[in-house]
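Got a structure for you, written out below as structure tokens; questions coming shortly.
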Amino acid sequence: MVWMIAGGILVLGLTAVLARSFYEQNHVVVKEYRVESPKLGEAFDGYTMVVLADLHDKGAGRRNNRMLAAIRRIHPDAVVAAGDLVYAKRGKCRYAESLRVLKRLAFRYPVYYGLGNHEERMRRHYRDHWEQWYREVTRMGVTVLDNISLTLRDGSDVLTITGLAMEEACYKKKGRKAMESGYLEEVLGVARSSEYHVLLAHSPAYFPAYARWGADLTLSGHYHGGTVRLPGIRGVVSPDFRLFPRYSYGMYRRGEKAMIVSGGLGTHSVNFRLGNPSELLVVRLERTA
């Protein structure tokens, strides 16, 4: 009898956990950050970006309509993608839902797209899909920042948004490649210290290198918030199976440089989230004296 009761309690507990995980995967929460800097000109004081990361051609809610409605209520100045809106794994590549979302967003807002490891995998292993995807998004008016920068100007005020496309070795589960000194300068050029730089870098693992390069604000994803988040501790596991990754979720700082890591919108492979609902980021830039 005791074993039957214990077994029933266990089944009920597992059912509750799975139900909660399903809910968190299908309901988007909006998380807002305010980032201050004296480098921002008056024209970009209050500049608001909605940040999408790790949609994985899936996302939350009924075909992402809740998320799209939330974005309309925010009225952002731009939508930026911090990588992995598509899904590309061995034997499978999908991007139809991401195209649908981007089409609806690009009709209303400027969209700046930084690439993640799934986009890089699509480019390397599914070349025909990559070329079709690229044609589609650029036809919509999406700006793909493939190791290039976009400079927004309003009078004498400047805001630069750069997209970093890292090679697959930087995302390996074992033996992840170290970022050598000078690598970012080689692929991105020199960051001008007079401009406020926003860097779209999918993996947050290299934050010290991003800050040294000159990124005033780095926007990342990749770690899916740590998959499971428990009160008082960091995310539990990263997609490369590292326990308690250092940069899994939220805002981090190194001096005057900041990085915000999205909890992500979707899942892949391990379709599970707990204490970690799908997240839409809102970042507001504010000028300080």
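Taking the Cα atoms of the range 40-191 alone, what are Rg (to one decimal) and Dmax (as a whole number) in Å?
16.3, 49
If you don't mind, another one. If you put +1 on each Lys and Arg Cβ and -1 on each Asp and Glu Cβ, how big is the dipole of the range 115-230 around its Cα centre, in Debye rounded to 20?
On the way: 15 positive and 15 negative charges, 118 e Å.
Computed charge dipole of the range 115-230: roughly 560 debye.
Distance between the C-alpha centers of the range 104-166 and the range 217-288? Whole Å please.
Using only Cα atoms, the two centres lie 21 Å from each other.
Per residue, how large is the accessible surface of the chain? Use a 1.4 angstrom probe and give square angstrom. Present the calculation step by step, with values, prior to reporting the outcome.
Working: 13820 Å² over 289 residues.
About 48 Å² of surface per residue is accessible.
Where both partners of a DSSP beta bridge lie in the range 118-263, what percent of those bridges are antiparallel, to the nearest 5? List each step's numbers first, then the result.
Working: 14 of 27 bridges.
DSSP beta bridges in the range 118-263 are roughly 50 percent antiparallel.
Rounded, prolate or oblate for the range 64-129? Axes are the square roots of the Cα gyration tensor eigenvalues, ordered a ≥ b ≥ c, and the cut-off for rounded is a/c under 1.5. Could the numbers behind the result be given before it?
Numbers: a/c = 2.75, a/b = 2.10, b/c = 1.31.
Judged from the Cα gyration tensor, the range 64-129 comes out prolate (a/c at least 1.5, a/b above b/c).
Tell me the relative contact order for the chain as a rounded percent, counting alpha carbon contacts under 8 Å between residues six or more apart.
On the way: 655 pairs, mean separation 77.9, N = 289.
About 27 percent, as a whole number.
Any idea what angle helix 127-140 forms with the longest principal axis of the chain, computed on alpha-carbon atoms, 0 to 90 degrees, nearest 10?
Result, in degrees: 60.
Using only the Cα atoms of the chain, each taken as one equal point scatterer with no solvent, compute I(q) by the Debye sum, divide by I(0), and report log10 of the ratio at q = 0.08, 0.10, 0.14 Å⁻¹.
With one equal scatterer per Cα and no solvent, log10 I(q)/I(0) is -0.33, -0.52, -1.00.
Name the shape class, rounded, prolate or oblate, that the alpha-carbon gyration tensor gives for the range 126-211, where a ≥ b ≥ c are the square roots of its eigenvalues, rounded holds for a/c under 1.5, and otherwise prolate holds if a/b is larger than b/c and oblate otherwise. Before the final figure, lay out the partial values.
Values: a/c = 2.65, a/b = 1.07, b/c = 2.47.
It comes out oblate by the Cα gyration axes.
Over the alpha-carbon set of the range 133-289, work out the extent along each principal axis and list the three values in angstrom, largest first.
Answer, in whole Å and largest first: 46, 42, 32 Å.
Dipole magnitude of the chain about its Cα centre, charges +1 at Lys/Arg Cβ and -1 at Asp/Glu Cβ only, in debye to the nearest 20?
Details: 42 positive and 29 negative charges, 215 e Å.
Its charge dipole is roughly 1040 debye.
Okay, moving on. Mean residue ellipticity at 222 nm from the helices of the chain, using -39,500 (n - 2.57) per DSSP H segment of n ≥ 4 over the full residue count, to the nearest 500 deg cm²/dmol? Write down the numbers at each step before the final one.
Values: 7 runs with 81 residues, N = 289.
Calculated mean residue ellipticity at 222 nm is -8500 deg cm²/dmol.
Which of the pairs Lys58/Lys257; Lys39/Lys177; Lys172/Lys257; Lys92/Lys172 have their Cα atoms more than 29 Å apart in this structure? Can you show the working numbers first?
Numbers: Lys58/Lys257 32 Å; Lys39/Lys177 32 Å; Lys172/Lys257 26 Å; Lys92/Lys172 19 Å.
Over 29 Å apart, Cα to Cα: Lys58/Lys257; Lys39/Lys177.
Summing Lys, Arg as +1 and Asp, Glu as -1, what charge do residues with Cβ under 13 Å from the Cβ of Arg34 carry, Arg34 excluded?
Numbers: positive: Lys31, Arg284, Arg287; negative: Glu32, Glu36, Asp45, Glu286.
Spelling it out: positives minus negatives among the neighbours equals -1.
The values are calculated or read from the model by the stated rules, or taken from the named source; none is laboratory data. Remember, it's a predicted structure, so these values are computed and weren't measured experimentally. FYI the Cβ positions are ideal-geometry reconstructions off the backbone, even for glycines, and counts take in every protein chain you see. Protein only, heavy atoms only, side chains kept; ligands, DNA and RNA dropped before computing areas. Shrake-Rupley method; radii C 1.70, N 1.55, O 1.52, S 1.80 Å.
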